[in-house]
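Where a number appears in this text, it was derived from the coordinates with a stated rule and is not lab data. Quick caveat: nothing in here was measured; it's all calculated off a predicted structure. Ideal geometry is used to build each Cβ from the backbone, glycine not excepted, and the neighbour counts take in all protein chains shown.
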Amino acid sequence: MMIPLKHIRNFIVDMDGVLWHGDVPLPGMVEFFAVLRRRGLRFVLATNNAGKTGAEYVAKLARMGVAVTADEIITSPQATAAYLAQHVADARIYVVGSPSLTAELRARSLTVVQPNEESTANCVVVGGIVGYLTYQNLAEACLLIRAGAKFFGTNPDLTFPSERGIVPGNGAILEALRVSTGVAPLVIGKPQPEMMVQAMQRMNGNPTDTAVIGDRLDTDILGGRNAGLTSLLVLTGVTTAAQAEIDPIKADYIFESIGAVADLLTNGSW
């Protein structure tokens, strides 16, 4: 079947479940980047995962044999920090999540409260919870939100594709806080279009010449739809072929893996 993508010059690419599972690269990953470089196609890697900074992703890809620049990475913590810096005056932020999230917030000159200063926080930001979530900080976040602190989530992913299988994601923790406070978070990452828009700006792209590649219908593909992009689903992450068939959120094209996308770019009539 001919897949008409010759007009696409820019790719916004998810990482977890698309390029790797944990620290295990998926087949065809290195070839995918090689063909992008060879054909002069631009890309930005856009992830909802809040567990690493952009610089840490650059280093992770280097260990896997792929060289990218900081400008070719955008994370949900970066997008969240940008939003807070622009829209929340005098933010004092209690973080439930990773040191990487804290680092991205501070990189935008935002104030992150120390553990003995929780009562002064006027914002709660949840993201990058894998390995950093405790009942104590979950309870503190609940109390702060109930007292009036604004509630933000870096991303709504209910699950996360680890090396061992599908495990709870950031959205599961947001739901725990929502049901215990009665307050819904403002989520900045996919499927909201903000990250897609920022990524296109970096590539000087627009919806007519940009495609998103992801493994989740409810974040990557819906986020692409919300931004008006062509969408490519790969079946190496959360969404299975059976789910893709029945889900009301539809990708424009479905591939077995990022390697299959690389094959199209290499052998297709591009």
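Descending by average beta-carbon neighbour count within 10 Å, the peptides 183-190, 113-120 line up as 183-190, 113-120, the highest first.
Sequentially through the stretch 99-115, phi angles give Karplus couplings (6.51, -1.76, 1.60; θ = phi - 60°) of x, 5, 4, 4, 4, 5, 5, 5, 5, 9, 6, 8, 8, 10, 6, 7, x Hz, Gly and Pro residues having no value and appearing as x. Multiplying the residue separation of Tyr135 and Ala70 by 0.36 nm and subtracting their alpha-carbon distance yields 20.0 nm. Taking Lys and Arg as +1 and Asp and Glu as -1, the other residues whose beta-carbon sits under 10 Å from that of Gly54 total -3. With viscosity 1.002 mPa s and temperature 20 °C, the Kirkwood radius over alpha carbon pairs of the stretch 1-112 converts through Stokes-Einstein to a diffusion coefficient of 138 µm²/s. Measuring max minus min along each principal axis, the C-alpha atoms of the stretch 77-187 give extents of 41, 28, 24 Å (largest first).
Excluding Thr75 itself, calculate the net charge of residues whose Cβ lies under 15 Å from the Cβ of Thr75, where each Lys or Arg counts +1 and each Asp or Glu counts -1.
Every neighbour counted, the sum reads -3.
Could you compute the net charge surrounding Gly223? Neighbours are other residues with a C-beta less than 12 Å from the C-beta of Gly223; K and R count +1, D and E count -1. Local charge sum for Gly223: -2.
For the stretch 130-219, what is the per residue volume of the convex hull drawn over the alpha-carbon atoms, in cubic angstrom?
Enclosed volume per residue, from the Cα hull, is 129 Å³.
When only C-alpha pairs under 8 Å and at least 6 residues apart count, what is the relative contact order of the chain, in percent? Here the relative contact order equals 23 percent.
Normalised by residue number, the volume inside the convex hull of the Cα atoms of the chain is 123 Å³ per residue. Close lysine pairs were tallied over the chain: pairs 8 or more places apart or on different chains with Cα atoms under 28 Å apart number 8.
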